[in-house]
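Novice: Would you mind keeping the following structure in view while I ask a few things?
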Amino acid sequence: SGATISTDVVIIGAGPAGLFAAFQCSMLKIGCVLVDALDEIGGQCVALYPEKPIYDIPACPAIEGAQLIERLAEQIEPFGVERLLGRRIEGLSGASGDFHLTTDKGDTLRTKAVIIAAGAGAFGPNRPPLEDLTTYETSGAVRYSVRRKAEFADKSLVIAGGGDSAIDWALSLSRIAKKIYLVHRRDKFRAAPESLSQLEEAIARGVVEKITPYQLKGLQGDGSRLAGVEVATLTGETRLLEAEHLLAFFGLATDLGPIAQWGIDQNRSTIPVVPSTCQTSLPGIFAIGDIASYPGKLKLILQGFSEGAMAAHAIYPIVNPHQALHFEYSTSKGVPGSE
Ligand code: FAD
């Protein structure tokens with residue numbers, strides 16, 4: 001019942017790495033199709049932090065997650081890259097030069113090479129082990145991401161976690177929330193030094209209160225509306241924090257899903273690649289972005305961009321076996337419509 005498609009490269013995952021890889025392939029006149037399990041493009045940037053500013057994209061002093069994805073989409077727009085959304089890639093067979101991929105919706109894709117840009121795989125948040133958690137998740141009282149900041153205006157919040165996401169959201173929401181309790185099981189937070197000094201300012205203003213070393217213990221409320229979050233130290237001292245929402249940032253549960261069954265070498269939910277080409281242990285299959293690992297790897301968007309460029313160049317001879325690639329800068333080549 002699904003589609004049957006033939007192309008040069010199937011890009012699995014339409015997060016920032018996959019989108020930019022589509023641009024790089026298109027510039028080399030390599031045909032490509034973007035496939036994503038989610039109904040919209042953008043990966044983590046759109047699914048997890050559409051309104052959070054990103055400060056480390058070259059030449060963009062500050063850009064929100066969703067805006068970055070709009071710009072990446074605009075950059076490939078002239079090439080008309082086909083997108084298959086709401087489709088999870090499941091099966092892989094064949095070999096370099098002629099792979100067959102299948103999706104959960106019954107589509108078949110024939111392709112010469114594959115770029116896996118699947119991020120954390122089929123990602124989901126790590127959830128705290130609390131009683132009645134699901135009922136509060138359903139009502140929206142407990143969340144793992146912030147889609148619209150405005151919902152938290154004048155609210156009392158518990159933000160749990162000790163990494164970048166918890167700190168970034170505490171800072172961002174401290175401008176609109178009534179009160180934020182920042183709960184972490186250690187005294188120290190793991191975040192950029194600049195964020196930590198901003199956090200000290202927010203604490204000095206009284207909007208943010210640090211609750212450390214405490215862990216989440218229980219949720220209080222009527223099963224839909226949250227009244228408070230119970231926290232406890234390792235030695236059993238407890239506190240009740242009055243809050244309407246719990247925002248838990250304990251990282252992403254990484255699950256390679258079907259990709260783990262393809263016989264590609266893996267290392268704890270990542271795929272080791274040759275750093276100069278991004279090729280995996282299976283010839284013709286490349287991995288870029290958060291899912292790719294090698295010594296010195298940074299799980300940052302800018303790293304995924306350059307990996308997309310390397311993979312596209314490494315794929316060129318697979319798609320054009322009898323043609324040497326004479327590299328040109330984008331300015332000498334031009335994109336369609338720019339002449
Ligand atoms: P993802 O964005 O994870 O996209 C992967 C896509 O692949 C997903 O859409 C998924 O649905 C799809 N997929 C997976 N498996 C399949 C399958 N089998 N079939 C079809 N589709 C599949 N990075 C920065 O550089 N700067 C920041 O300031 C920054 N802030 C962050 C803040 C937060 C709160 C978080 C969570 C992350 C942040 N990051 C930041 C990290 C950044 O978002 C990631 O490095 C980036 O999203 C990785 O891009 P990607 O394209 O590799 O994967």
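Novice: When only DSSP loop residues count, what GluC sites (Glu not before Pro) in region 197-245 have their Cβ near at most 10 other Cβ atoms within 10 Å?
Specialist: The qualifying sites are Glu237.
Novice: Also, quick follow-up: Gaussian network model of the chain, Cα springs within a sub-10 Å range: biggest mean-square fluctuation belongs to which of Lys178, Lys52, Lys188?
Specialist: Looking only at Lys178, Lys52, Lys188, the largest GNM fluctuation is found for Lys188.
Novice: Cross-link partners among aspartates and glutamates for Lys112, C-alpha distance below 12 Å, same-chain residues fewer than 8 apart left out?
Specialist: Within reach: Asp8, Asp98.
Novice: As I understand it, the dipole of the chain uses +1 on the Cβ of Lys and Arg and -1 on the Cβ of Asp and Glu, about the Cα centre. Which of Ser6, Leu325, Ala160 lies farthest toward its positive end?
Specialist: Ranked along the dipole, the leading option is Ala160.
Novice: Would you mind ranking Leu38, Leu302, Leu157 by Cβ crowding within 10 Å, fewest neighbours first?
Specialist: Result, fewest neighbours first: Leu302, Leu38, Leu157.
Novice: Bin width 10 Å, origin at 0, all Cα-Cα pairs of region 204-280: what percent of pairs per bin?
Specialist: For region 204-280, the pair-distance distribution reads 14, 27, 19, 17, 20, 2.
Novice: Of Gly119, Gly236, Gly251, which is the most mobile in a GNM of the chain whose springs link Cα atoms less than 10 angstrom apart?
Specialist: Gly236
Novice: Here's something else I'd like to know. Would you kindly compute the Cα radius of gyration of region 14-60 and its largest Cα-Cα separation (Dmax), both in Å?
Specialist: Spelled out, the Cα radius of gyration and Dmax of region 14-60 are 12.4, 34 Å.
Novice: Once the dipole of the chain is set up with Lys and Arg at +1 and Asp and Glu at -1 on Cβ about the Cα centre, which of Ala309, Ala95, Leu226 lies farthest towards its positive end?
Specialist: Leu226
Novice: Note the full-extension length gain between Tyr294 and Asp164 as 0.36 nm times their separation in residues minus their Cα-Cα distance, in nm to one decimal.
Specialist: 44.6 nm
Novice: Can you tell me the length gained on complete extension of the stretch Arg190 to Thr135, counting 0.36 nm per residue apart and subtracting the Cα distance?
Specialist: Between Arg190 and Thr135, full extension yields 16.8 nm more.
Novice: Let me ask something additional. Name the aspartates and glutamates eligible as straight-distance cross-link partners of Lys297: C-alpha to C-alpha under 14 Å, and not fewer than 8 places from it in the same chain.
Specialist: Straight-distance partners of Lys297: Glu307.
Novice: In the structure shown, do any of Lys188/Lys217; Lys210/Lys299; Lys52/Lys178; Lys155/Lys217 have a Cα-Cα gap over 23 Å, and if so which?
Specialist: Listed pairs above 23 Å: Lys210/Lys299.
Novice: To continue, here is another question. Averaging over all projection directions, find the projected area of the Cα convex hull of region 126-248 and quote it in nm² with one decimal place.
Specialist: Convex hull of Cα atoms, orientation-averaged projection: 7.0 nm².
Novice: Using only alpha carbon positions, build the gyration tensor of region 183-332, then give the equivalent ellipsoid semi-axes as the square roots of 5 times its eigenvalues, largest first, whole angstrom.
Specialist: So the three semi-axes of region 183-332 are 47, 20, 14 Å.
Novice: Two decimals is fine: what's Rg over Rh for region 109-189, C-alpha atoms, Kirkwood radius as Rh?
Specialist: Here the Rg-to-Rh quotient is 1.11.
Novice: Quick one: helix 164-173 against the long Cα principal axis of the chain, what's the angle to the nearest 10°, folded into 0 to 90?
Specialist: On a 0 to 90 degree scale, this one is about 60.
Novice: Follow-up. Specify the angular offset, from 0 to 90 degrees and rounded to the nearest 10, of the alpha carbon long axis of helix 301-319 from the longest principal axis of the alpha carbons in the chain.
Specialist: 20 degrees
Novice: I'd like the antiparallel share, as a percent to the nearest 5, of DSSP beta bridges with both residues in the chain.
Specialist: DSSP beta bridges in the chain are roughly 45 percent antiparallel.
Novice: Calculate the length of the line joining the C-alpha centroid of region 41-70 to that of region 117-190, in whole Å.
Specialist: 18 Å
Novice: Short version: what are the Cα gyration tensor semi-axes of region 15-153, square root of 5 times each eigenvalue, largest first, in whole Å?
Specialist: Three semi-axes, in Å: 31, 22, 11.
Novice: With a 10 Å radius around each residue's Cβ, average the other Cβ atoms per peptide and rank 41-50, 104-113, highest first.
Specialist: Listed from highest to lowest mean packing, they are 41-50, 104-113.
Novice: Still on this structure, please answer the following. Distance between the C-alpha centers of region 94-111 and region 201-217? Whole Å please.
Specialist: If we compute the Cα centre of each part, the gap is 50 Å.
Novice: Return one quarter of the surface area of the convex hull spanned by the alpha-carbon atoms of region 257-339, equal to its mean projected area, in nm².
Specialist: 7.3 nm²
Novice: Given H placed 1.01 Å from N in the peptide plane, which residues other than close sequence neighbours of Ala292 have an amide H under 5 Å from its amide H?
Specialist: Under 5 Å from the amide H of Ala292: Ile271.
Novice: Further question: Suppose every Lys and Arg Cβ carries +1 and every Asp and Glu Cβ carries -1, with no other charges. What dipole size does region 185-253 come out with about its Cα centre, to the nearest 20 debye?
Specialist: Dipole about the Cα centre, nearest 20: 240 debye.
Novice: Against the longest alpha carbon principal axis of the chain, how many degrees, from 0 to 90 and to the nearest 10, is the axis of helix 16-27 turned?
Specialist: Approximately 20 degrees, to the nearest ten.
Novice: Same structure, new question: May I ask you to sort Phe250, Phe286, Phe327, Phe23 by Cβ crowding, counting other Cβ atoms within 10 Å and putting the fewest first?
Specialist: Ranking Phe250, Phe286, Phe327, Phe23 by Cβ neighbours within 10 Å, fewest first, gives Phe327, Phe250, Phe23, Phe286.
Novice: Now, a different point. So if I take the centroid of the Cα atoms in region 1-27 and the same for region 76-93, what is the distance between those two points in Å?
Specialist: The two parts, judged by their Cα centres, are 5 Å apart.
Novice: Cα-Cα pairs above 33 Å in the chain: how many percent?
Specialist: Of the Cα pairs, 35 percent sit more than 33 Å apart.
Taken together, the values in this text are just the output of simple stated rules run on the coordinates, not laboratory data. Just so we're clear, the structure is a prediction, and the values are computed from it rather than from any experiment. Glycine also receives a Cβ, built like all others from the backbone with ideal geometry; neighbour counts cover every protein chain displayed.
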